[in-house]
1. Being part of a helix (DSSP H, G or I) and under 17 Å from residue 181 (Cβ atoms) is the filter here; which residues of region 202-250 pass it?
2. Does region 73-108 hold any residues that are in a helix (DSSP H, G or I) and over 29 Å from residue 227 (Cβ atoms), and which are they?
3. Residue 76 - would you say it is more than 13 Å from the ligand (Cβ to nearest atom) and either out of contact with any strand residue (DSSP E or B) (no Cβ under 7 Å at 6 or more places or on another chain) or modelled with pLDDT under 95 (or both)?
4. Just to check your reading of the model, which residue among 40, 44, 51 is in contact with a helix residue (DSSP H, G or I) (Cβ under 7 Å, 6 or more places away or on another chain) and at pLDDT 95 or above?
5. In the set 155, 113, which member is modelled with pLDDT of 95 or more, away from the ligand (no atom under 13 Å from the Cβ) and either surrounded by fewer than 22 Cβ atoms within 10 Å (Cβ to Cβ) or under 16 Å from the mean Cα position of the chain (by Cα) (or both)?
6. Out of all the residues in region 145-164, is one or more closer than 20 Å to residue 112 by Cβ, touching a strand residue (DSSP E or B) at 6+ places or on another chain (Cβ under 8 Å) and part of a strand (DSSP E or B)?
7. From the list 64, 69, 42, which residue is farther than 19 Å from residue 118 by Cβ, surrounded by fewer than 24 Cβ atoms within 10 Å (Cβ to Cβ) and out of contact with any strand residue (DSSP E or B) (no Cβ under 8 Å at 6 or more places or on another chain)?
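The values are calculated or read from the model by the stated rules, or taken from the named source; none is laboratory data. Note that the coordinates shown come from a computational prediction; the quantities given were computed from them, not determined experimentally. For neighbour counting, all protein chains shown are included, and Cβ atoms are generated from backbone atoms with ideal geometry for every residue, glycine included.
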Ligand code: NAI
C-alpha cells in the first residue's frame, strides 16, 4: 500500500530526537524519503541508523538552522544524497527560553529568535526555489501552544512562537499561487527532553500538567507526527495558513 507521503522528500529540522525524530519516522513509514538536519551529531547518527535499519531512504546532515551558510550547505548536501530536491519541509528545531525581561541580554534574546523564528525562514528560503519550480510543496512549522497562551517564566518564547505562526500566514499567502501550502502545528505538553527541561525550570509544572488535560494525559511525539504528516500530505490539499493544535484540548479550557 503506498503511504500518504510516497514520492515526497521530507526534510525535518531538529530530527535527532523528540518530536522531530517521530516526524521523520512517521514520514518514512508513509513512504517518504527523509532528510534529517540537527546540530547534535551523535544523536543524529543514532536516529539515522535506526531509520536505515527500518528500511527507510534517509540522508542526514549536521547543521545549524541559525546559520545561513550552514543551512544552504546542508540543504544542498541532503538533496544531492537523496537525488531529488526537498518537497516537504518540517521546521521543527526549537528551544525554550526562561529569561527575565529586565535582565535578559540582547544576545540571549537573539539566540531565542534565531532558533525559534529566523531559522525556520532560513530553511524555507533554501528549499522554496525548488518547490516553486516544481509547483509543488508543503511546509509545516512546529510552533507551540505558547503561540496563543503562555506560562509565567518563559519570556520571550511565546513571542517567538507567535511570530512563527504569523510567518506561517505570510508565507502561505505568498506561495499559494505556486501550489505550495504552509501550515503550523502547535503542540501542548509533549513527552520529550524539552518538556523535562520545562518541568525542571518551572516549579510545580509537572504536577499541574498531569491534571489539566481534558483528554487526561500528556501527548507523545507520535501524536504530533500524525498531524504533521496529514498536513504535509495530499489529504490536506485545501488546508493552508492554519495553526493546528495538538494539545489534548488544553487550549480550549477556561477553568
Ligand atoms: P527537543 O529539544 O527534544 O528537540 C529539539 C531538536 O532541535 C534537538 O534535537 C536539537 O538539537 C534541535 N535543534 C535545536 N537548535 C537547533 C539548531 N540551531 N539547528 C539545528 N537543530 C537544532 O525538543 P522537542 O520537544 O522535540 O521540540 C520540537 C519542537 O516542538 C520545538 O520547536 C519546540 O519548541 C516545539 N514544542 C515542543 C513542546 C513539548 O512539549 N515538547 C510543546 C510545544 C512546542
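1. Once the filter is applied, which keeps residues that are part of a helix (DSSP H, G or I) and under 17 Å from residue 181 (Cβ atoms), region 202-250 yields 227, 228, 229, 230, 231, 232, 234, 235, 236.
2. Quick first cut of region 73-108, residues in a helix (DSSP H, G or I) only: 73-82, 106-108.
Once the filter is applied, which keeps residues that are in a helix (DSSP H, G or I) and over 29 Å from residue 227 (Cβ atoms), region 73-108 yields 73, 76, 80, 106, 107, 108.
3. Criteria met by residue 76.
4. Numbers: 40 fails: in contact with a helix residue (DSSP H, G or I) (Cβ under 7 Å, 6 or more places away or on another chain); 44 fails: in contact with a helix residue (DSSP H, G or I) (Cβ under 7 Å, 6 or more places away or on another chain).
Only one candidate passes the filter, namely 51.
5. Matching residue, one of 155, 113: 155.
6. yes
7. On the way: 64 fails: farther than 19 Å from residue 118 by Cβ; 69 fails: farther than 19 Å from residue 118 by Cβ.
Step by step, each of 64, 69, 42 is checked, and only 42 is farther than 19 Å from residue 118 by Cβ, surrounded by fewer than 24 Cβ atoms within 10 Å (Cβ to Cβ) and out of contact with any strand residue (DSSP E or B) (no Cβ under 8 Å at 6 or more places or on another chain).
Residue-wise test of (1) within 7 Å of the ligand (Cβ to nearest atom); (2) surrounded by fewer than 22 Cβ atoms within 10 Å (Cβ to Cβ).
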site	(1), (2)
140	no, no
149	no, yes
169	no, yes
172	no, yes
177	no, yes
180	no, no
183	no, no
187	yes, no
193	yes, yes
